[in-house]
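Trainee: Below you'll find the structure I mean.
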Amino acid sequence: MLYPFLRPALFALDPERAHAFALAALDVAASTGLARLAAPRLAPDPVRVMGIDFPNRVGLAAGLDKDAAHLAGLASLGFGFLEAGTVTPRPQPGNPKPRLFRLPEAGALINRLGFNNGGVARYVANVRASGYRGILGCNIGRNAATPNERAVDDYLACLAAVAPVASYVTVNVSSPNTKGLRDLQSEAALDALLARVVEARDDLVQKHGRALPLAIKIAPDLEPDAIHGIARVLVARRVDAAIATNTTIAREAVASLPHGGETGGLSGRPLFARSTDIVRTLARALDGALPIIGVGGILSGEDAREKLASGAALVQLYTGLVYRGPTLVAECVRALAHCGR
Ligand SMILES: Cc1cc2nc3c(=O)[nH]c(=O)nc-3n(C[C@H](O)[C@H](O)[C@H](O)COP(=O)(O)O)c2cc1C
């Protein structure tokens, strides 16, 4: 609706400023009731995944609301669930700016934000203050200063802190912007990490008396062998879902474009085929043992359908929102309605 008129003004701003401005505007719309008036009218399309009843299959991907500070406004866009984070135990500033780049010709972004966030205590306080009552995925990571040998301590600290407010928790081992993080995806490292995280989760379930599904978010830059290794671990450790995928370090599709050579993770249209392939390979390897949340390059309802056709049960959006605006959410919800997987 309005977004095609707003987009040129937003795109005239530095990308991080535009991001902050758009979220501030959404907050105002939510607090004045405008957001509710403008909210799309969507027929419910309920689906049960990870033991959770989702109102529809379209979620917000992690990274857009790192501190869970904009949940009410984001919920008004029609999402069936929101994933906020990545949050780390302690606050950290992230990488030096500039660290977020638009590649409009490709419908893409490159970011190397590096988990800039206000720490898990603030995150939980923000969730509590938000009044948001929908499904919330809490995406957790390690601080940049924590070596991989002690990464488990950071994941356990975040897990315990978010447990009272999370519908599910995502263990993020796939950001390319925290040095060494993706090494935690190797079969041995992932198994060691998940042994501890699953054990802690089981204790928290006892303590709080409610379920706390665990999802693992993986990178798109994995060979089929590695995907099969990950699948074996997820099944053995009885993880509840896999999220595929994070951003890619590949650059073939954008190498010749302005900003195409920036370091970081590439998202948006050039990621679609690669991340959908990962969903397909993972679905074959998992053979229905656990559900997949498909994310990467969804810029239309048709793209969302293809993620489901490839084996995803739910989808998430990020970069598509920057290029298409909030109408993309409703378009995807309608495209997936009654897909019946
Ligand atoms: C600016 C930006 C920041 C992101 N930050 C995170 C993050 O903190 N944690 C995470 O798991 N994924 C993060 N992502 C990855 C997205 O959640 C998503 O997996 C990826 O962008 C692919 O989806 P898309 O093509 O729809 O954007 C980020 C993506 C972008 C563009």
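The values are calculated or read from the model by the stated rules, or taken from the named source; none is laboratory data. These figures come from a predicted structure and were not determined experimentally. In this analysis, Cβ positions are derived from the backbone assuming ideal geometry, glycine residues included, and neighbour counts consider all displayed protein chains. Protein only, heavy atoms only, side chains kept; ligands, DNA and RNA dropped before computing areas. Shrake-Rupley method; radii C 1.70, N 1.55, O 1.52, S 1.80 Å.
Trainee: Quick check on region 65-130: what does the Kirkwood estimate of hydrodynamic radius come out to from the alpha carbon pairs, in Å? Before the final figure, lay out the partial values.
Mentor: Numbers: mean 1/r = 0.0755 Å⁻¹.
Result for region 65-130 stands at 13.2 Å.
Trainee: Then there is this: Rank by packing, highest mean first: peptides 99-107, 183-191, 145-153, with packing defined as the count of other Cβ atoms within 10 Å averaged across residues.
Mentor: 99-107, 183-191, 145-153
Trainee: In addition: Would you mind getting the accessible area per residue of region 3-335, heavy atoms of the protein chains only, 1.4 Å probe, in Å²? Display every interim value, and only then the final one.
Mentor: On the way: 13650 Å² over 333 residues.
Value returned for region 3-335: 41 Å² of accessible area per residue.
Trainee: Still on this structure: How compact is the chain by the rule of thumb for globular proteins, expressed as Cα Rg over 2.2 N^0.38 Å?
Mentor: Here the answer is 0.91, to two decimals.
Trainee: Let me ask another. Take every DSSP beta bridge whose two residues both sit in region 3-335, then give the antiparallel share in percent to the nearest 5.
Mentor: 30
Trainee: For the chain, what relative contact order do you get, as a whole percent, if you take Cα pairs closer than 8 Å and at least 6 residues apart?
Mentor: 17
Trainee: Right, here's the next one. Arrange the peptides 243-253, 21-31 so that the one whose residues have, on average, the most other Cβ atoms within 10 Å appears first. Numbers along the way, then the final one.
Mentor: On the way: 243-253: 22.5, 21-31: 16.5.
Listed from highest to lowest mean packing, they are 243-253, 21-31.
Trainee: Can you give me the long-range amide H partners of LEU317? Hydrogens built in the peptide plane at 1.01 Å from N, cutoff under 5 Å, separation of 5 or more residues or another chain.
Mentor: GLY59, LEU60, ALA61
Trainee: Right, next: Can you work out the Karplus-derived ³J(HN,Hα) for every residue in region 90-96? Use 6.51 cos²θ - 1.76 cosθ + 1.60 with θ = phi - 60°, whole Hz, and x for glycine or proline.
Mentor: 9, x, 8, x, x, 7, x
Trainee: Order the peptides 32-44, 257-269, 83-95 from the highest to the lowest mean number of other Cβ atoms within 10 Å of their residues.
Mentor: The packing order, highest mean first, is 83-95, 257-269, 32-44.
Trainee: Could I ask something else about it? Work from the charge dipole of region 3-335 (Cβ charges, +1 for Lys and Arg, -1 for Asp and Glu, about the Cα centre) and give the residue of GLY137, SER167, HIS70 farthest towards its positive end.
Mentor: Going by the Cα projections, it comes out as HIS70.
Trainee: In debye, nearest 20, what is the charge dipole magnitude of the chain about its Cα centre with +1 on Lys and Arg Cβ and -1 on Asp and Glu Cβ, if you could check?
Mentor: Working: 37 positive and 30 negative charges, 123 e Å.
I would put it at about 600 debye.
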